[in-house]
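Below is one structure, written out as structure tokens; comments come after it.
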Amino acid sequence: MNLSTTLLGRTYQFDSVKQVMAKANEQKSGDVLAGLAAENDTERIAAKQVLANLLMRDLRNAPAVDYELDDVTRMDQDGVDEAVFATIANMTVGEFREYLLDHRTTEEDIKRIRRAMTAEQVAGVAKLMSNMDLIYAATKMRVQSTCNTTLGLPGTFSARLQPNHPTDDVEGITASLFEGLSYGVGDCLIGLNPVNDSAASCAEVLKRFDEVKNRWKIPTQQCVLAHITTQMQAIRNGAPADMIFQSIAGSQKGNEAFGFTTETVKEAIALLREKGTSKGENVMYFETGQGSELSSNAHYGADQVTMEARCYAYAKQFKPFIVNTVVGFIGPEYLYDSKQVTRAGLEDHFMAKLTGIPMGCDCCYTNHMMADQNDIENLTMLLGAAGCNYVIGVPASDDVMLNYQSNAYHDIATVRETLGLRPIRAFEEWLEKMGIMENGKLTSYAGDATIFAGKAGL
């Protein structure tokens, strides 16, 4: 295995596949902070050259975390279809990139190949792609999942309605919920990030969501994004929940830093099978974000793109309904500016779809980051074009509880109309019955939450 190359009269020698992967990454402030990034663009190009010439089996044989130490690695490696892997093992990473981008390579081809992929292979090919490559390749990959409704069908662009409130006031949450529904948002999920991580508070919000969903016969899903153990306790106490949420990392150590283990997730799924309110088999919701493993010192010297790909390999084991990257939420320590946020959002979406999970994105940024609303709108439109399953909408782009900026409710309608996309069909039919949407476009009721008070009341 050759880990050296000559560029502009200089020979670059790399110590390991892990170092090649890190230095081939597009510049990210998190990699710089961790001392892993290329020193300059020339070294980055040299690393990309070496990476392009490595074999796919070289990447599989060099997991970011040792097999014996890490259950993420073990599940990823053990899940490989060896017969399919044999068909790509001796391809170079560069050749595999060309295969994915070849117009003759179909969605069915990729579905077969993803059975042979480990996270490091997924991350490796992403590092060789331009932004447009990431978009084009992702358009070939649709991943569907079913909870109460089915997400990810061709021609759809869905949204999670996020009615966060600074004090978890249920009436305030409900007002925001109605506003979002009036903009056609919520076909993916009605999901709240709580301030109070108690089972009682979680249950109170879940009950209100369930009440609204059933009274207006809304075809969607509900969840409160408390800690996994808090949600489980609320469900045991009788709270209605369609799915359970948890933030995840790309290493066992990172997940333990989040306060859970693989056994916790398995227990949550078993609980939902017994007491959950969903109709379909996909009942987990995971969130990720480049840099989380660095913040908990659980990255084992690997770059943040590689660790992010490992999040998706982990999520895949549990057949989730949805996964999303909260792409700019961690802050400029890991993604410094809009260029890095945009790149990360496109990387994450591509890598997740290649892994085979139903992927969305919270197109967001913190107020101390070198980004603004125009940048986030750009990313949202690019992801819509790439076939992203869903994005997140908050009132007027401003999450007053988490103190960050995301997409506004009306941004989702803008992307849909611009790109000719629609909500989930069952949800669109409900919107039409409510008078909120007609022929794929919002009516004059858009933004008028009083439509719910006029038709019925809690």
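Have a look at ASP71, ASP102, ASP76 and point out the one that is open to solvent by 10 Å² or more (accessible area, probe 1.4 Å) and either within 26 Å of LEU153 (Cα to Cα) or touching a strand residue (DSSP E or B) at 6+ places or on another chain (Cβ under 8 Å) (or both). Break it down into steps so the answer makes sense when it comes.
Numbers: ASP71 fails: either within 26 Å of LEU153 (Cα to Cα) or touching a strand residue (DSSP E or B) at 6+ places or on another chain (Cβ under 8 Å) (or both); ASP76 fails: either within 26 Å of LEU153 (Cα to Cα) or touching a strand residue (DSSP E or B) at 6+ places or on another chain (Cβ under 8 Å) (or both).
When all the criteria are applied, what remains is ASP102.
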Out of the stretch 425-449, which residues are among the charged types (D, E, K, R) and in contact with a strand residue (DSSP E or B) (Cβ under 6 Å, 6 or more places away or on another chain)? GLU428
Does at least one position in the stretch 313-334 carry a residue that is closer than 16 Å to ASN378 by Cα and charged (D, E, K, R)? no
Can you tell me which residue is nearest to ALA64 (Cα to Cα) among those in the stretch 229-251 that are open to solvent by 50 Å² or more (accessible area, probe 1.4 Å) and among the polar types (S, T, N, Q)? THR229
Checking MET370 against (1) under 20 Å from LEU294 (Cβ atoms); (2) touching a Gly at 6+ places or on another chain (Cβ under 8 Å), only one condition comes out false. Which one? (2)
Which numbered condition trips up LEU379, out of (1) surrounded by 15 or more Cβ atoms within 10 Å (Cβ to Cβ); (2) modelled with pLDDT under 95; (3) assigned to a helix (DSSP H, G or I)? (2)
Scan ALA385, ALA453 and give me the residue that is at pLDDT below 95, open to solvent by 40 Å² or more (accessible area, probe 1.4 Å) and not in a loop (DSSP other than H, G, I, E, B). ALA453
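Residues checked against (1) open to solvent by 30 Å² or more (accessible area, probe 1.4 Å); (2) farther than 20 Å from MET132 by Cα; (3) of a type outside the set (Ser, Thr, Tyr):
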| residue | (1), (2), (3) |
| --- | --- |
| MET284 | no, yes, yes |
| ALA309 | no, no, yes |
| PHE329 | yes, yes, yes |
| MET359 | no, no, yes |
What number of residues within the stretch 35-54 satisfy the criterion of being in contact (Cβ under 8 Å) with a residue 40 or more places away in the chain and in contact with a strand residue (DSSP E or B) (Cβ under 7 Å, 6 or more places away or on another chain)? 6
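Is it the case, given these coordinates, that ASP303 is under 20 Å from the mean Cα position of the chain (by Cα), open to solvent by less than 10 Å² (accessible area, probe 1.4 Å) and within 28 Å of ALA38 (Cβ to Cβ)? Steps first, answer last, please.
On the way: under 20 Å from the mean Cα position of the chain (by Cα): yes; open to solvent by less than 10 Å² (accessible area, probe 1.4 Å): yes; within 28 Å of ALA38 (Cβ to Cβ): yes.
Here the answer is yes, as ASP303 does meet what is asked.
Can you find even one residue in the stretch 188-197 that is aliphatic (A, V, I, L, M), closer than 30 Å to ALA64 by Cα and either without any contact (Cβ under 8 Å) to a residue 60 or more places away in the chain or surrounded by 20 or more Cβ atoms within 10 Å (Cβ to Cβ) (or both)?
For the stretch 188-197, residues aliphatic (A, V, I, L, M), closer than 30 Å to ALA64 by Cα and either without any contact (Cβ under 8 Å) to a residue 60 or more places away in the chain or surrounded by 20 or more Cβ atoms within 10 Å (Cβ to Cβ) (or both): absent.
Suppose we filter VAL415, VAL394 for residues that are open to solvent by less than 50 Å² (accessible area, probe 1.4 Å) and within 12 Å of GLU377 (Cα to Cα); which single one remains? Don't jump to the end; show me each part of the working.
On the way: VAL394 fails: within 12 Å of GLU377 (Cα to Cα).
Step by step, each of VAL415, VAL394 is checked, and only VAL415 is open to solvent by less than 50 Å² (accessible area, probe 1.4 Å) and within 12 Å of GLU377 (Cα to Cα).
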Counted residues in the stretch 134-149 being of a type outside the set (Val, Ile, Thr) and open to solvent by 30 Å² or more (accessible area, probe 1.4 Å) come to 4
From the list LEU354, LEU335, exactly one residue is crowded, with 24+ Cβ neighbours inside 10 Å and either among the aromatic types (Phe, Trp, Tyr) or closer than 17 Å to ASP303 by Cα (or both). Which is it? LEU335
Test each condition in (1) crowded, with 19+ Cβ neighbours inside 10 Å; (2) touching a His at 6+ places or on another chain (Cβ under 9 Å) for ALA126 and report the one that comes out false. (2)
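Quick grid of which residues meet (1) open to solvent by less than 50 Å² (accessible area, probe 1.4 Å); (2) more than 17 Å from TYR336 (Cα to Cα); (3) part of a helix (DSSP H, G or I):
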{"position": "MET21", "(1), (2), (3)": "yes, yes, yes"}
{"position": "ASP31", "(1), (2), (3)": "yes, no, yes"}
{"position": "GLU39", "(1), (2), (3)": "no, no, no"}
{"position": "VAL50", "(1), (2), (3)": "yes, yes, yes"}
Among the residues of the stretch 74-90, count how many are under 13 Å from GLN121 (Cβ atoms), assigned to a helix (DSSP H, G or I) and not aromatic (Phe, Trp, Tyr). 3
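Those residues that are open to solvent by 30 Å² or more (accessible area, probe 1.4 Å) and in contact (Cβ under 8 Å) with a residue 40 or more places away in the chain, I need them from the stretch 155-177; list them, please.
First, pick out the residues of the stretch 155-177 that are open to solvent by 30 Å² or more (accessible area, probe 1.4 Å): 155, 165-167, 169, 171, 175.
Hits for the stretch 155-177 are GLY155, HIS165, PRO166, ALA175.
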When GLY35 is run through (1) open to solvent by 50 Å² or more (accessible area, probe 1.4 Å); (2) over 17 Å from VAL305 (Cβ atoms), the failure sits at (2)
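The values are calculated or read from the model by the stated rules, or taken from the named source; none is laboratory data. Note that the coordinates shown come from a computational prediction; the quantities given were computed from them, not determined experimentally. Reconstructed Cβ throughout: ideal geometry from the backbone, glycine too, with neighbour counts over all protein chains shown. In case anyone asks, the SASA skips ligands and DNA or RNA and just uses the protein heavy atoms, side chains included. Shrake-Rupley method; radii C 1.70, N 1.55, O 1.52, S 1.80 Å.
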